[in-house]
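What follows is a single structure, written as structure tokens, with notes after it.
The values are calculated or read from the model by the stated rules, or taken from the named source; none is laboratory data. Just so it is clear, the model here is predicted, and its values are computed rather than measured. Here the Cβ positions follow ideal geometry from the backbone for every residue, glycine too, while neighbour counts run over all protein chains shown. For accessibility, only protein heavy atoms count, side chains too; no ligands or nucleic acids. Shrake-Rupley method; radii C 1.70, N 1.55, O 1.52, S 1.80 Å.
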Amino acid sequence: MAVSAPARERVERLEQIWVERPGVLGWLSTVDHKRIGLLYFWTTLFFFAAGGVEALLMRTQLTHANERLLSPDTYDQLMTMHGITMIFFFIIPMTTGAFGNYLIPLMIGARDMAFPRLNALSYWLFLGGGIFMYSSFFVHAAPNAGWFDYVPLALRTYDPGLNIDFYALALIFNGFSSTVGALNIIVTIFKLRAPGMSWNRMPLFCFAMLAAAFSLIFALPALTADCLFLVLQRKLGFHFFDVAHGGSPLLWQHLFWIFGHPEVYIIVLPAFGIATSIIPTFARRRMVAFPLVAMAELLVAFIGFGVWAHHMFATGISSTTLIFFGAASMMVVIPSTIQVFAWLFTVNLGTPQFRAPLLFIGGFILFFVLGGLSGIMFAAIPFDQAATDTYFVVAHFHFIIFGAAVFPLFGGMYYWFPKVTGRMYHEPLAQASFFVVFVGTALTFFPMHIVGLLGMTRRIYTYDHGLGWDAYNLIETIGGYVLAVGILIIGFNLIWSYRRNIRAGRDPFNGATLEWTIPSPPPHYNFAVIPTVTSAYPNWDLADREEDLRKLHRNELVLAGGHETPVSTVNDAVLDEIADMPPESPWPIVVGLAATLAFFALLLGHWVIGAGLFGAAALALVGWHTEGSEHAEEGLNLARPNGWWGMAVFVATEATLFGTLIGTFVYLRLHNPAWPPPGIDKPEVLGPVLATALLVATSIPMQGSWRSARRGRLQRAWWLLLTAFAVQTAYLVWQLHDYLDEIHRFPPSGHAYSSISTTMLGADHLHVFVGLLLDAWLLLQLARRVTSYRLVGLQATTFYWHAVNAITVAVLLTRLSTYL
């Protein structure tokens, strides 16, 4: 069907609306999900190269016995930074930040992510965290206690420098970025799917990204709390991990692995999603058992939260606990096996074309199965206790992390390269790169199984002759350099292919999903018309694509009135409203810069300067939202707008954080015969109970304010909000007085009870303070004029206060439970 002149004018109008300024300033202020995805891509590649160099230096050190290339301290720093880099600064941001950002809106028929500026902020926080972490090399104080950073080794007694401070603060910083990115992915998939894309029609890639995002939301708070405890103990003398003062060193391991094991699936789940995108395309058929695969991706994430203690089988925990976690570790095999069989049956029942992307997926399946088999071995408690801290663990871990997570990334780079660049890669060179990378991976990591069974322990920087390890380590080092050559071939292929400029066209592979329905590279607006969706493989539905052209001629769902994208219902993806998205903005990078400088101030112990810089970030957020409110449409009345869903996901994160704090309180109580210890008085009951009751009561005027504003009774809404603000302020002043008095009488540096109590109450008071800031902003904004943006802000803030009030009650009951 030919495109008419009016249709061409609409497309040109969309280009004018969505195009961002060119040059460096355009990239610094961008909110376009494709540009942000590319920023993530190139930044994570830089960190990947850094982590690779660190790995090669370590492997060179271990090539021969008694090698002296690296000193013990340098080796420890390289080993730690390699692990941190590959997990926190390469695989997770590459999958969720680069692939997720770039592809999710294209796959679901949206024009951007749900929160474009928040999306940009997630990148600048990620970059700031990476700069913060790698600046440690310039002062010769890189983290040096392993990527797991076990205490007491990581405490100031044994590591008095800045090394561990860099580690803890950088992971807290990086956690902000990952949380913001995961929140954006969840709300985007929930609310911005094209009309008709119900759950059973959503691409499996999006299911995988959704599962990974939810895992991040519920796993990261445990790591954040753990790192916070470590910072407080190292900097201010708290006692979370010190047995002599009521703490427990195993607390670190529990909290770390509550994050650490779901983190394995956070890494692998996007790889599953990439595989389920590539396999149908090159097998030339739809995925076998589509609903089971979708459920399996979600189940992997869910079950992954119940197996953390299988990393602790050698720590002396009870036999009952060992058996439970051993059984749970076996269970996670079931959904993974469902997916493996679905992938293999899809290829075998189709007519596969073994091009480079599918070859990498084949390598991924093989290494994933091998790594999974060794993982089942670790679920057997006696074997785990025998092989703990040997190179057998390193082999298993790298077969999963590199073979099962990175191989699909390489396949995805080749698969979506034509879409991103509009150019075709060199197929023979791509296939050659696969075989080199495959051989290098096998040579590097498979011998580690053998040398581990021969007794070589992990984290040693050298070894003696005559232990039977020399030949295997030499093979591993050779394999590492072969692997590096293969990766360089991939990079050369993509760069050279981009420069030789062989056009790929819109769809060189006959891909199944929506991104293949639009030009390559995608236009700034993504879709000229919001697409019609009637199956999970919309590019193969030719009648629907013809209907898209007819809608373009009819000017139906073209949305050329501004930065507009449709908002749909969560379950059935029925068109709900049209959202007006914000344009490019400098505020995200300003907030990111202020936060980065603030963390440097905290590192050096300049608490006042750090607080001032966080205040500057808050002021930048005021400018951000003031500007955003002027771009919002008037008159929208969404029952569950994007802002509400964003706040709901954020509240889930904060509830998980407080669940971690409360769980820590209970854990330490169970490990102390006297809780609280002698000398700490029973806290006053009546005052905190009355104050908390007053705070909880403010949910009534908050809810009334939202309802009044929604009905147009704006003056009443403003006064109700002011009433709630006054009571909440009084509560905070009252509680801060008691809080400071308690710290003075029972300092947190005295005992673990005071440490966790002070931290838990301080976190609660901080959330109340944040709520007051939100109230103050709304009071100022609603006094000027009311827009849909401000109404959504009021609704989200009301929801936030309901959650804070519930959390405050939980904190109060936790403290009082000690005396019940």
(request) Please work out which residue is most open to solvent (accessible area, probe 1.4 Å), limiting yourself to segment 483-526 and to residues that are touching a strand residue (DSSP E or B) at 6+ places or on another chain (Cβ under 7 Å) and polar (S, T, N, Q). (result) 501
(message) Which numbered condition in (1) over 30 Å from residue 457 (Cβ atoms); (2) crowded, with 22+ Cβ neighbours inside 10 Å is the only one that residue 78 fails?
(response) (1)
(request) Take segment 93-113 and flag every residue that is hydrophobic (A, V, I, L, M, F, W, C) and either open to solvent by 10 Å² or more (accessible area, probe 1.4 Å) or out of contact with any strand residue (DSSP E or B) (no Cβ under 8 Å at 6 or more places or on another chain) (or both). (result) 94, 98, 99, 103, 104, 106, 107, 108, 113
(request) Filter segment 1-23 for residues that are within 29 Å of the chain's Cα centre (by Cα) and crowded, with 20+ Cβ neighbours inside 10 Å and give the result. (result) 18
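To keep it simple, each residue is scored yes or no on (1) hydrophobic (A, V, I, L, M, F, W, C); (2) part of a loop (DSSP other than H, G, I, E, B); (3) surrounded by 21 or more Cβ atoms within 10 Å (Cβ to Cβ); (4) touching a strand residue (DSSP E or B) at 6+ places or on another chain (Cβ under 9 Å).
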| residue | (1), (2), (3), (4) |
| --- | --- |
| 273 | no, no, yes, no |
| 295 | yes, no, no, no |
| 299 | yes, no, no, no |
| 313 | yes, yes, yes, no |
| 317 | yes, yes, no, no |
(message) Could you tell me how many of the residues in segment 474-519 are in contact with a helix residue (DSSP H, G or I) (Cβ under 7 Å, 6 or more places away or on another chain), hydrophobic (A, V, I, L, M, F, W, C) and in a helix (DSSP H, G or I)?
(response) 12
(message) Can you find, within segment 10-28, the residue that is modelled with the highest pLDDT among those that are under 23 Å from residue 99 (Cβ atoms) and not aromatic (Phe, Trp, Tyr)?
(response) 28
(request) Give me the pairs, please: first residue somewhere in segment 465-482 and modelled with pLDDT of 95 or more and open to solvent by 50 Å² or more (accessible area, probe 1.4 Å), second residue anywhere and assigned to a loop (DSSP other than H, G, I, E, B) and among the β-branched types (Val, Ile, Thr), beta-carbon distance under 6 Å, and either six or more positions apart or on two chains. (result) 474/63
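Taking the stated definitions as given, is residue 753 farther than 26 Å from residue 649 by Cα, open to solvent by 50 Å² or more (accessible area, probe 1.4 Å) and hydroxyl-bearing (Ser, Thr, Tyr)? Give the steps one after another, and end with the answer.
On the way: farther than 26 Å from residue 649 by Cα: yes; open to solvent by 50 Å² or more (accessible area, probe 1.4 Å): no; hydroxyl-bearing (Ser, Thr, Tyr): yes.
So residue 753 does not fit the description; no.
Please find, within segment 151-176, the residue that is most open to solvent (accessible area, probe 1.4 Å) out of those that are in a helix (DSSP H, G or I) and among the aromatic types (Phe, Trp, Tyr). Step through it out loud before you land on a result.
Pass one, segment 151-176, residues in a helix (DSSP H, G or I): 163-176.
Adding the requirement that they be among the aromatic types (Phe, Trp, Tyr) leaves 166-167, 173, 176.
Details: 166: 6, 167: 0, 173: 0, 176: 93 Å².
Taking the candidates together, the pick is 176.
Of the residues 183, 192, 210, only one is out of contact with any Leu (no Cβ under 8 Å at 6 or more places or on another chain), buried (at least 24 other Cβ atoms within 10 Å of the Cβ) and closer than 20 Å to residue 104 by Cβ; which?
Details: 183 fails: out of contact with any Leu (no Cβ under 8 Å at 6 or more places or on another chain); 210 fails: out of contact with any Leu (no Cβ under 8 Å at 6 or more places or on another chain).
Within the list 183, 192, 210, the selection yields 192.
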(request) Those residues that are touching a residue at least 40 places away in the same chain (Cβ under 8 Å) and either part of a loop (DSSP other than H, G, I, E, B) or surrounded by fewer than 15 Cβ atoms within 10 Å (Cβ to Cβ) (or both), I need them from segment 24-47; list them, please. (result) 26, 29, 30, 31, 32
(message) Against the condition out of contact with any Phe, Trp or Tyr (no Cβ under 7 Å at 6 or more places or on another chain), in a helix (DSSP H, G or I), closer than 24 Å to residue 377 by Cβ and not basic (Lys, Arg), how does residue 406 come out, does it pass?
(response) yes
